[in-house]
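These notes are about the structure you will find just below.
The values are calculated or read from the model by the stated rules, or taken from the named source; none is laboratory data. Since the model is a prediction, treat every value here as computed from it, not as a measurement. Reconstructed Cβ throughout: ideal geometry from the backbone, glycine too, with neighbour counts over all protein chains shown.
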Amino acid sequence: MKYVVGNLKMNILSPLERDCYFKLFKKEIVGIKFKNTEIVLCPPFVYLEDFVSNLGGKYVRIGAQNVFEERSGSYTGEISPPMIKNLGAEYVIVGHSERRRYFGETNASANLKLKASAKAGLHPVYCVGETQEERDAGLTQNVVNLQIEEGLSDVPSAYLENIILVYEPVWSVGTDVVPTSDEVMEARILIKKILVDKYGAKFAERIKILYGGSVKEKNIERLCLEPGMDGVLVGRESLTPYEFIKLAQIISEK
Ligand code: PGA
């Protein structure tokens with residue numbers, strides 16, 4: 001199975017814009033058959049239920065962009081895994097670089113979110129990747145290694161298969177600067193090796209690894225298909241249904 005995950009971030013500012021998005025999305029996707037490809041859209045929380053009822057199931061799967069690790073209680077402003085699950089969403093993005101950068105999230109907090117989400121039956125989409133400074137300092141391997149080690153620490157093996165990893169070099173998110181095909185392949189090999197060492201070859205083989213960061217029609221071949229990734233996490237291009245669905249078609253046809 002391949003994955004095309006759209007991260008709508010903090011966009012779509014009104015019910016009018018939301019309805020317009022639904023209309024365009026349905027118009028573009030109707031009649032298209034995707035082979036072996038799961039398409040996931042992650043809207044802002046306020047639209048989660050509308051996305052589930054308008055596009056969920058029939059056209060795509062729906063996910064959240066963030067989650068808190070507790071089930072319920074006095075945590076003002078937070079949203080729990082069962083809340084997301086019970087609305088009919090199936091995925092949740094965890095550890096996105098924007099959460100790490102602007103909201104102080106760490107490998108340890110991602111770990112709590114991953115465990116709580118997987119326990120609630122959600123599929124966490126866990127983002128790892130190095131910043132420009134870390135890359136310049138030759139620290140990519142160490143950083144990604146730690147993100148996986150600490151992020152997946154003590155995740156019960158029954159839940160591990162629910163987790164989808166994304167290699168998302170932070171310097172490529174929102175910048176239109178992208179790695180080469182070889183660099184993505186190297187990251188894939190590195191992540192696989194970490195997983196093999198930790199969980200064994202058979203298990204590591206089953207874990208999906210996506211690429212994220214400035215994915216567009218013109219570079220999806222070299223960022224995803226050539227390096228053998230299992231799909232993509234798409235930011236800006238998911239805001240235009242036509243572009244997003246085209247990416248899903250390219251993935252599904254290969
Ligand atoms: P981008 O965002 O495609 O706009 O670079 C990717 C992401 O943040 O997931």
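Just one of (1) away from the ligand (no atom under 15 Å from the Cβ); (2) surrounded by 21 or more Cβ atoms within 10 Å (Cβ to Cβ); (3) more than 17 Å from the chain's Cα centre (by Cα) fails for Glu150. It is (2). For the stretch 208-227, the set of residues classified as of a type in the set (A, V, I, L, M, F, W, C), within 22 Å of Glu161 (Cβ to Cβ) and more than 13 Å from the ligand (Cβ to nearest atom) consists of Ile209 only.
Within the stretch 22-32, the set of residues being under 18 Å from Glu253 (Cβ atoms) and in contact (Cβ under 8 Å) with a residue 12 or more places away in the chain comprises Glu28, Ile29, Ile32. Taking (1) near the ligand (Cβ under 10 Å from one of its atoms); (2) out of contact with any Gly (no Cβ under 7 Å at 6 or more places or on another chain) in turn, Ile245 satisfies each apart from (1). Total residues in the stretch 83-104 satisfying the condition of being under 19 Å from Ile62 (Cα atoms) and either among the hydroxyl-bearing types (Ser, Thr, Tyr) or within 14 Å of the ligand (Cβ to nearest atom) (or both): the figure is 6. Scanning the stretch 71-92 for residues that are surrounded by fewer than 14 Cβ atoms within 10 Å (Cβ to Cβ) and either in contact with a helix residue (DSSP H, G or I) (Cβ under 9 Å, 6 or more places away or on another chain) or not in a loop (DSSP other than H, G, I, E, B) (or both) yields a count of 3.
Please determine whether any residue of the stretch 15-27 is under 18 Å from the mean Cα position of the chain (by Cα) and not hydrophobic (A, V, I, L, M, F, W, C).
No, the conditions are met nowhere in the stretch 15-27.
Has the stretch 37-57 got any residue that is under 24 Å from Asp230 (Cβ atoms) and modelled with pLDDT under 95? Scanning the stretch 37-57, I find at least one residue that is under 24 Å from Asp230 (Cβ atoms) and modelled with pLDDT under 95, so the answer is yes.
Checked against (1) buried (at least 18 other Cβ atoms within 10 Å of the Cβ); (2) within 20 Å of Tyr199 (Cα to Cα); (3) in contact with a helix residue (DSSP H, G or I) (Cβ under 9 Å, 6 or more places away or on another chain), Ile164 passes all but a single condition, namely (3). Report yes if some residue within the stretch 118-137 is in contact with an Asp or Glu (Cβ under 7 Å, 6 or more places away or on another chain), touching a residue at least 24 places away in the same chain (Cβ under 8 Å), surrounded by 19 or more Cβ atoms within 10 Å (Cβ to Cβ) and assigned to a helix (DSSP H, G or I); otherwise report no. So far as the stretch 118-137 goes, no, none of its residues is in contact with an Asp or Glu (Cβ under 7 Å, 6 or more places away or on another chain), touching a residue at least 24 places away in the same chain (Cβ under 8 Å), surrounded by 19 or more Cβ atoms within 10 Å (Cβ to Cβ) and assigned to a helix (DSSP H, G or I).
Is it the case that the stretch 16-31 has a residue that's loosely packed, with under 14 Cβ neighbours inside 10 Å and in a loop (DSSP other than H, G, I, E, B)? Checking the stretch 16-31: at least one residue is loosely packed, with under 14 Cβ neighbours inside 10 Å and in a loop (DSSP other than H, G, I, E, B).
Just one of the numbered conditions (1) on the phi > 0 side of the Ramachandran plot; (2) at pLDDT below 95; (3) within 17 Å of the chain's Cα centre (by Cα) is not true of Ser214: (2).
Output the residue which, of all residues in the stretch 176-195 that are assigned to a helix (DSSP H, G or I) and of a type in the set (D, E, K, R), is nearest to Val232 (Cα to Cα).
Here is the first cut: in the stretch 176-195, the residues assigned to a helix (DSSP H, G or I) are 181-195.
Going one step further and asking which of them are of a type in the set (D, E, K, R), we end up with 182-183, 186, 188, 192-193.
On the way: Asp182: 16, Glu183: 15, Glu186: 16, Arg188: 13, Lys192: 17, Lys193: 20 Å.
Top of the filtered list is Arg188.
Restricting the stretch 163-207 to residues that are within 18 Å of the chain's Cα centre (by Cα), of a type in the set (D, E, K, R) and more than 13 Å from the ligand (Cβ to nearest atom) leaves a set whose member that is nearest to Ser153 (Cα to Cα) is Lys192.
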